[in-house]
Amino acid sequence: MTTVEKHEFPMTRTCPFSPPPAYEEIREEEPVSKVGLPDGGWAWVVTRHEDVRTVLNDRRFSADRQHPDFPQLVKGGFRRQGDERTMITMDAPEHGPARKAVLGEFTVRRMEALRPRIQEIVDGQIDALLAGPKPGDLVEALSLPVPSLVICEMLGVPYADHDFFQTHTAKLIKRATTPEERRAAFDTIRGYMEDLIAEKEANPPDDLLGRQIVKLREDGAYRRASLAATGFLLLVAGHETTANMISLSTVAFLRNPEQLAAIKADPGKTLDAVEEMLRYWTIVDAATARLCVEDIEVGGQLIRAGEGVLALGYAANRDPRAFDDPDELDIERGARHHVAFGFGPHQCLGQNLARMELQIVFDTLFRRIPTLALAADVDDLPFKDDANIYGLYRLPVTW
């Protein structure tokens, strides 16, 4: 049994294409281990694929981030009682109805109805990239605008405000942000969302937030602050994650021309490529923190009620017990059992949207710009080593 915290969390990727080296060491030698946390406390890390899925699918692990014992992954992480909670911080029985209220907005059928508009957005951004200077910045031209435009149109958020919410989102996910700055960014975006929803209340429009106002009023359950919490979650999660996946996957394709050639020759392989990119990068590694609320044994280790747990998706997605040659990028491996979107009741609500956006971007970008190339050495690219969502700040490309 582990008694000493040998490693400190969070850890940094020393190579952009691989997990922190300690992940493999922990997973192979002591797959459920204690790690130190930024606030001086400790938590268990769970690293094997099977065990990570167990933690994420068992009600003995709570997602309630307002609990005083919940593991804090940033120094001075804030817990303010009375804050309106989002569905990702709820447990049963609260969680099910909160998730169900918006689940219908993210069905495969509804996403397919959005496909023509997403295609139009992608083509428009590529037009602008091609009309601009060379080299261009793919983050600014494509990666960030596409998911931002899509989620803004879905929610009914003015895209003209994108600089505002992207700036504050960046503060939320940077590890070095002070507690005061983090709280201010949180309150600013949440306040913005409340004001926007208030404007929609008199005559709710046919967008996601407007439809929620109507539906919740009919159910006698409408509260502006609660809907603002949902809107906040969808806005932040809906643009930041997909934007980083577009940039990172472009780098991976350009470094692996044989994999890129495969999707160019057969676009039917693109969805498999999307799954493999999600597994390979696992950009949100620590959103799956939990608090044990009842003693349970995981991977041969007893975890007691009141102890924090970090289910490390990146370690799980590179587990050789679940994936052959896990450190290789192989778009034909059939990687749909990855945990990049989490697992269990809290699995990512927007995964159908993310998959579609990535599929459309990959098929369109490399078809329309077949000579796309990196305009900087990979070693010189500004990877987000300082953020809790991995990605790139800029991606210089030419053609």
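The values are calculated or read from the model by the stated rules, or taken from the named source; none is laboratory data. Predicted model, so just to flag it, every value in this text is computed and none were measured. With ideal geometry, Cβ positions are generated from the backbone for all residues, glycine too; neighbour counts draw on all protein chains shown. When the accessible area is computed, the model is the full protein with side chains, heavy atoms only, and any ligands, DNA or RNA have been set aside. Shrake-Rupley method; radii C 1.70, N 1.55, O 1.52, S 1.80 Å.
Here is how the numbers come out for the structure above:
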quantity: Elements of type helices (runs of 4 or more DSSP H) in region 136-204, at least 2 residues being at pLDDT below 95 and open to solvent by 60 Å² or more (accessible area, probe 1.4 Å); calculated: 162-173, 179-201
quantity: Residue within region 250-268 that is under 20 Å from Val146 (Cβ atoms) and of a type in the set (Ser, Thr, Tyr) present; calculated: yes
quantity: Residue within region 81-90 that is touching a residue at least 12 places away in the same chain (Cβ under 8 Å), surrounded by fewer than 15 Cβ atoms within 10 Å (Cβ to Cβ) and either charged (D, E, K, R) or closer than 20 Å to Gly342 by Cβ (or both) present; calculated: no
quantity: Checking Ser143 against (1) closer than 21 Å to Arg394 by Cβ; (2) more than 20 Å from the chain's Cα centre (by Cα), the condition it does not meet; calculated: (2)
quantity: Failed item in (1) within 26 Å of Met154 (Cβ to Cβ); (2) in contact with a Phe, Trp or Tyr (Cβ under 6 Å, 6 or more places away or on another chain), with Leu260 passing the rest; calculated: (1)
quantity: Test: residue in region 209-224 that is within 16 Å of Glu105 (Cα to Cα), open to solvent by less than 20 Å² (accessible area, probe 1.4 Å) and β-branched (Val, Ile, Thr); calculated: yes
quantity: Of all residues in region 379-399 being open to solvent by 30 Å² or more (accessible area, probe 1.4 Å), in contact (Cβ under 8 Å) with a residue 40 or more places away in the chain and closer than 18 Å to Gly136 by Cβ, the one that is farthest from the chain's Cα centre (by Cα); calculated: Trp399
